[in-house]
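The values are calculated or read from the model by the stated rules, or taken from the named source; none is laboratory data. Here the structure is a predicted model, which is why all the values come from computation and not from measurement. FYI the Cβ positions are ideal-geometry reconstructions off the backbone, even for glycines, and counts take in every protein chain you see.
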Amino acid sequence: MTTIANSLQAVRQRIAQAATAAGRPAADIQLLAVSKTFLAAAVRQAYTAGQRAFGESYVQEAVEKVEALNDLPLKWHFIGPIQSNKTRPIAESFAWVHSLDRARIADRLSAGRPSNLPDLQVCLQVNVSGEPSKSGVAPEDLAALARHVLALPRLKLRGLMTIPEPTDDPVDQRRAFARLRQLLEQINAEGFQLDTLSMGMSDDLEAAIAEGATIVRVGSAIFGAREYNKE
């Protein structure tokens with residue numbers, strides 16, 4: 001097996017073990033392979049090893065990769081910050097968006113989604129750690145944004161996403177993820193029917209799964225360390 005195939009197998013084993021520890025079926029947790037900054041050839045290797053869902057953060061790079069791999073039945077997820085002038089290619093090329101945090105961006109994604117494609121599946125990114133430099137809607141503004149998105153055509157509101165402040169402390173990791181789970185429960189109690197918690201990465205996926213993650217976004221543990229030199 002290739003290194004990527006070996007790494008994928010190891011990550012899947014981590015997910016299965018974490019699910020068992022949490023009393024959850026491993027099948028309830030989707031692995032999103034974060035392929036940003038890696039070449040299309042690496043995605044092909046991961047596809048050969050059984051991976052189908054891939055996450056990207058840089059629009060120009062991602063669109064080129066989507067086109068280069070259009071012979072494969074892949075699901076593309078956009079997980080990075082969204083600039084207003086990049087909404088149309090995101091709406092045209094992706095099946096999911098995890099990083100929606102503003103009503104204006106929601107409006108533009110809705111307007112840019114081609115009518116011949118299925119509804120764009122979206123998660124609202126929440127800044128659970130309150131970091132001023134980090135993207136994400138504030139928890140107190142979440143319900144209003146959710147109501148706005150729910151009313152838009154060609155978008156399907158699925159759940160919440162977060163990238164908490166990095167920490168090696170498992171207790172602190174779980175606290176941040178528990179906050180997102182609680183927000184999902186609160187908003188569903190208001191009448192929403194959200195089913196997705198996108199949280200957890202290479203270094204903290206176990207804590208995320210323990211708190212209910214349904215999608216974990218794993219890059220470096222699959223593809224190796226990445227170099228940042230993008231748009």
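Might you let me know whether region 156-174 holds any residue that is within 19 Å of the chain's Cα centre (by Cα), assigned to a helix (DSSP H, G or I), basic (Lys, Arg) and surrounded by 12 or more Cβ atoms within 10 Å (Cβ to Cβ)? Yes; the residues of region 156-174 include at least one that is within 19 Å of the chain's Cα centre (by Cα), assigned to a helix (DSSP H, G or I), basic (Lys, Arg) and surrounded by 12 or more Cβ atoms within 10 Å (Cβ to Cβ). For region 183-198, a residue qualifies if it is part of a loop (DSSP other than H, G, I, E, B) and under 19 Å from Glu140 (Cα atoms), and the qualifying residues are Glu190, Gly191, Phe192, Gln193, Leu194.
In this entry, Ala208 passes the filter for residues that are among the small types (Gly, Ala, Ser), under 14 Å from the mean Cα position of the chain (by Cα) and part of a helix (DSSP H, G or I). In region 113-129, the residues that are more than 16 Å from Trp96 (Cα to Cα) and modelled with pLDDT of 95 or more form Cβ pairs under 6 Å with partners that are β-branched (Val, Ile, Thr) and buried (at least 24 other Cβ atoms within 10 Å of the Cβ), at six or more places apart or across chains, as follows: Val126/Thr162.
Within the set Asp203, Asp195, the sole residue that is more than 24 Å from Ala144 (Cβ to Cβ), under 16 Å from the mean Cα position of the chain (by Cα) and free of Cβ contacts under 8 Å to residues at least 40 places away in the same chain turns out to be Asp203.
Of all residues in region 61-90, those satisfying the criterion of being part of a helix (DSSP H, G or I), under 18 Å from the mean Cα position of the chain (by Cα) and surrounded by fewer than 22 Cβ atoms within 10 Å (Cβ to Cβ) are Glu61, Val63, Val66, Lys86, Pro89. For region 32-50, the set of residues classified as touching a residue at least 60 places away in the same chain (Cβ under 8 Å) and out of contact with any helix residue (DSSP H, G or I) (no Cβ under 6 Å at 6 or more places or on another chain) consists of Leu32, Val34, Lys36, Thr37, listed by residue number.
I'd like to know if region 37-44 contains one or more residues that are in a helix (DSSP H, G or I), polar (S, T, N, Q) and surrounded by fewer than 20 Cβ atoms within 10 Å (Cβ to Cβ).
Here is the first cut: in region 37-44, the residues in a helix (DSSP H, G or I) are 40-44.
Okay, now just the ones that are also polar (S, T, N, Q), so none.
Within region 37-44, not a single residue is in a helix (DSSP H, G or I), polar (S, T, N, Q) and surrounded by fewer than 20 Cβ atoms within 10 Å (Cβ to Cβ).
Taken over region 182-202, residues that are out of contact with any Cys (no Cβ under 8 Å at 6 or more places or on another chain) and under 24 Å from Lys75 (Cβ atoms) amount to 10.
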